[in-house]
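Since the structure comes first, as structure tokens, the remarks are kept for the end.
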Amino acid sequence: MKGFEYLQQELDQMKEQGTFRRLVPLESEQDARVVINGKEVIQLSSNNYLGLTNHPKMKQAALESVEKYGVGTGSVRTIAGTLSMHEEFEQKLAKFKHTEACLVFQSGFSTNQGILSAILTDKDVVISDELNHASIIDGIRLTKAARRIYKHVDMEDLEAALKETQEYRKRIVVTDGVFSMDGNIAPLPKIVELAEKYDALVMVDDAHASGVLGENGRGTIDHFNLNGRVHIQVGTLSKAIGVLGGYIASTETLRNYLIHKGRPFLFSTSHPPAVIAASSAAVDVLLDEPEHMERLWENTRFFKEGLQALGFDTGISETPITPVIVGDDALTHKLSDRLLELGVFAQGIAFPTVAKGKARVRTIVTAKHTKEDLQAALDAFEKAGKELGIL
Ligand SMILES: *Cc1c(COP(=O)(O)O)cnc(C)c1O
């Protein structure tokens, strides 16, 4: 069919530059080791931090819910698609997060898309970290509010932004809790202090902290003992929780408001029973089985120290997200491809996901990896790094 030649040209250019990527289908369940092209390899690219994607209790809960309630809901939440399990799960999640209320969206992405445009008008301003996740950036694009981007985790620039914007009705400071490409944690105690000083709201996107930081994986707010001082916590059910979905943990007022004004919530069908049942079981797993988080952090320390001892640049990571920063886009993809040949799946990430010249192979260990898995991965990194002149 004719019509897309202009797009094909761009794709051909990517192929010449070595930045064209194909999807990599897994032929197995998501786990510490996965099957790709018929070969078992060590998985270092998933967000399955706690290994919950195939936890027996969660699978069982999903199966039972399908038997009892079927596979779909047939409606958006606000018309006929709210099952009692949706509301029960939200109450359970709110209790877990030490907040008044929760509201679940279809994904973390749609949660961020739905909030800012719903609660802000052209009288307001969003103050956002420059490295916030794409879904926050898109959320900001959808609001009529003014925007002020501050330099990455730069608290002087944040304070300047708060001083400059005092004439607005509402100011909201938005940050990732853990930054997804570098694995550093936002300086939340300072952010909250500044927001309180200048009477601004705070919204924290804890996608990479849910199940990873804080008591039983409650996230960065709990990690820093800031419960009750952050107005909106965004979480995802898609990463450490192992299923799919996003949510806000906040007040009853915000929950009720988003039920009326949160567009992805209003205009997109609700989660099927299996998603809610599995996610609900995941909260029990977080509370009853702290060993997964302990393993995750043990593995994180082992692997991060191993990469650093080999001489790789792992940037400023403080979490299980450990980037191996290479710089050049094409060389990064070569490293990733060579690692796959050596039995390690670690995806290269280049522009536009990260800045030009900051391309990296991003690794995330999980609770399910054994020491042998991680040592084998380190050996592969050493071999590939030397072959390609990175080490
Ligand atoms: C992954 C991610 C999201 C999106 O979550 P999904 O549930 O996968 O849609 C949102 N924010 C941040 C910071 C993320 O890392």
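What number results when the radius of gyration of the range 56-288, computed over Cα atoms, is divided by 2.2 N^0.38 Å?
This ratio for the range 56-288 stands at 0.99.
Distance check, please: which entries in Lys59/Lys304; Lys304/Lys386; Lys92/Lys371 exceed 25 angstrom between their Cα atoms?
Lys59/Lys304; Lys92/Lys371
D for the chain, whole µm²/s, Stokes-Einstein with Kirkwood Rh over alpha-carbon pairs at 10 °C and 1.306 mPa s: what number?
Answer, rounded: 72 µm²/s.
Taking the Cα centroid of the range 265-330 and of the range 11-86, what is the distance between the two, rounded to the nearest whole Å?
When both Cα centres are located, 15 Å separates them.
Along its three principal axes, how long is the range 235-332 when you only count alpha carbons? Whole Å, largest extent first please.
If we take the Cα atoms of the range 235-332, the spans are 52, 37, 25 Å.
Could you give the distance between the Cα centres of the range 191-219 and the range 141-182, to the whole Å?
Taking the Cα centre of the range 141-182 as reference, the centre of the range 191-219 is 14 Å away.
Could you give the length gained by full extension between Asp284 and Asp12, i.e. 0.36 nm per residue of separation minus their alpha carbon distance, to one decimal place?
93.0 nm
For the range 56-288, with every protein chain kept in place, what is the accessible area per residue (1.4 Å probe, Å²)?
Accessible surface, normalised per residue, equals 41 Å².
On the accessible surface of the chain, probed at 1.4 Å, how many percent belong to carbon and sulfur atoms?
Summing carbon and sulfur atoms, their accessible area is 52 percent of the total for the chain.
Once you put a point 7 Å from the Cα of Ile79 and another 7 Å from the Cα of Asn216, both along the Cβ direction, what distance in nm separates them?
It is 3.7 nm.
May I ask you to give the average projected area over all directions of the convex hull of the Cα atoms of the range 200-250, in nm² rounded to one decimal?
3.1 nm²
Given the -39500 (n - 2.57) contribution per DSSP H run of 4+ residues, what per-residue ellipticity at 222 nm results for the chain, rounded to the nearest 500 deg cm²/dmol?
Helices in the chain give a 222 nm mean residue ellipticity of -13000 deg cm²/dmol.
For the range 59-126, take the convex hull of the Cα atoms, compute a quarter of its surface area, and give me that in nm², please.
About 6.6 nm², averaged over all directions.
The values are calculated or read from the model by the stated rules, or taken from the named source; none is laboratory data. Everything numeric in this text was worked out from a predicted model, so none of it was measured. Positions of Cβ are generated from backbone atoms using ideal geometry, with glycine treated the same way; all protein chains shown enter the neighbour counts. Only protein heavy atoms, including side chains, enter the accessible area calculation; ligands, DNA and RNA are left aside. Shrake-Rupley method; radii C 1.70, N 1.55, O 1.52, S 1.80 Å.
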